[in-house]
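Novice: Pasting a structure here, questions to come.
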Amino acid sequence: MFSHPGQTAESFNADTHCNFIKKALEEVGFDEPDDFAIAQVADSTNTNPAIARKLGIHHVGCRNHCLNLACSEMEENDKELHAVVEAISDNHRKIRSSNVLSASLANVCEHAMKLKGHWHGVASKVKGKSEIRWTHMTDLLISHVQSAEEIRRVRRDCSALIGLAVGFVLIHPCFYVSVTQVSQTHSDRLDDESVSSRMLKKIGRHTSYLSPIKESTCLLQGKGLTLAQGQDILDTLTSLVEAGRGVDGDDFQFCKLKPDKYSVGNKYDSDDDFVRGVIKIQVRCSILLCTLLQMCSNVFSPFH
């Protein structure tokens, strides 16, 4: 916007962003950033906190990003969860990278769907692992449980599930043999342990708490959410985690999430007191607004 024709930014570091922001504010009549803003709300990558420091304003970490970082750390520190995710993603990667296995699984899933009369409980495609967001864990594990029986069938008798081979078996037996050989070679790549009852039991221990954590993530992405509302969602999650951890039968029994990573006082906000102050003001304003709306409702009620 402010460069000469033909010029482009050579880097996108904190200094570059600060220069752009200052020039943009100058265009609308503000000499200093703090004349216009007192804080920024953004994810807590290295660049954003540095921008806030250079501009002399507060940095408030995105609550969803804080939760995302905490969940990524949870996977790294939980050896069983990490091992399960790696094993499942490896199997799914093999299926997705093989046309033979992908087609076989699709055929099996379609057959299962016809038997059930609906797609519920049948995963038509296995999920892959994402390196960006932790929510891949929930989708990955759930899709694996849904498709476990179908993967077993592909592993057990992959060649028999290719409709094309069956269609040509009487016309050209050699074609059937070639497909069978290729199918068996591909199916041998799949790990029996990944669809064993022991593995599915492990998955169940983790999806029981991963699913409600993912629900919190979805709520945090709601349009127009205030900082107070976002922190309230996280505080509710914290109470569930702390109350259920180690309790037999509780959804969060095996959860190793650390709430201090996303609670007020985490290392991502530049000023904890500022964040607490904003939340307090927003809560008070919300209460005041509700009170005013109730008063207006009483005044203009036809039965008043």
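The values are calculated or read from the model by the stated rules, or taken from the named source; none is laboratory data. None of these values were measured; they are calculated from a predicted model. FYI the Cβ positions are ideal-geometry reconstructions off the backbone, even for glycines, and counts take in every protein chain you see.
Residue-wise test of (1) assigned by TED's automatic domain parsing to the domain that holds D269; (2) surrounded by fewer than 16 Cβ atoms within 10 Å (Cβ to Cβ); (3) at pLDDT below 95.
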| residue | (1), (2), (3) |
| --- | --- |
| F168 | no, yes, yes |
| C174 | no, yes, yes |
| S183 | no, no, yes |
| H186 | no, no, yes |
| M199 | no, no, yes |
| K202 | no, no, yes |
| K214 | no, no, yes |
| I233 | yes, no, no |
| T236 | yes, yes, no |
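Novice: Go through region 44-55 and give me each residue that's at pLDDT 90 or above and surrounded by fewer than 18 Cβ atoms within 10 Å (Cβ to Cβ).
Specialist: T47, A50, R53, K54
Novice: Follow-up. Taking K94 as the residue in question, decide whether it is within 30 Å of E150 (Cβ to Cβ) and modelled with pLDDT of 90 or more. Walk me through it before giving the result.
Specialist: Details: within 30 Å of E150 (Cβ to Cβ): yes; modelled with pLDDT of 90 or more: no.
Here the answer is no, as K94 does not meet what is asked.
Novice: For residues in region 244-268 being farther than 28 Å from A50 by Cβ and charged (D, E, K, R), which is surrounded by the fewest Cβ atoms within 10 Å (Cβ to Cβ)?
Specialist: So, considering only residues that are farther than 28 Å from A50 by Cβ and charged (D, E, K, R), the one surrounded by the fewest Cβ atoms within 10 Å (Cβ to Cβ) is D248.
Novice: Is there any pair with a first residue in region 263-286 that is part of a helix (DSSP H, G or I) and a second that is among the polar types (S, T, N, Q) whose Cβ atoms are under 6 Å apart and which are 6 or more apart or on different chains, and what are they?
Specialist: I279/Q231; Q282/T226
Novice: In region 245-261, is there at least one residue being in a helix (DSSP H, G or I) and of a type in the set (G, A, S)? Break it down stepwise before answering.
Specialist: Filtering region 245-261 down to residues in a helix (DSSP H, G or I) leaves 259-261.
If we keep only those that are of a type in the set (G, A, S) too, we end up with none.
No, region 245-261 contains no residue that is in a helix (DSSP H, G or I) and of a type in the set (G, A, S).
Novice: Let me ask something else. Condition check: out of contact with any Leu (no Cβ under 9 Å at 6 or more places or on another chain), under 15 Å from H58 (Cβ atoms) and among the acidic types (D, E). Does D260 satisfy that?
Specialist: Working: out of contact with any Leu (no Cβ under 9 Å at 6 or more places or on another chain): yes; under 15 Å from H58 (Cβ atoms): no; among the acidic types (D, E): yes.
It is false that D260 is out of contact with any Leu (no Cβ under 9 Å at 6 or more places or on another chain), under 15 Å from H58 (Cβ atoms) and among the acidic types (D, E).
Novice: I'd like to know if region 226-239 contains one or more residues that are over 21 Å from I57 (Cα atoms) and assigned to a loop (DSSP other than H, G, I, E, B).
Specialist: There is no residue in region 226-239 that is over 21 Å from I57 (Cα atoms) and assigned to a loop (DSSP other than H, G, I, E, B).
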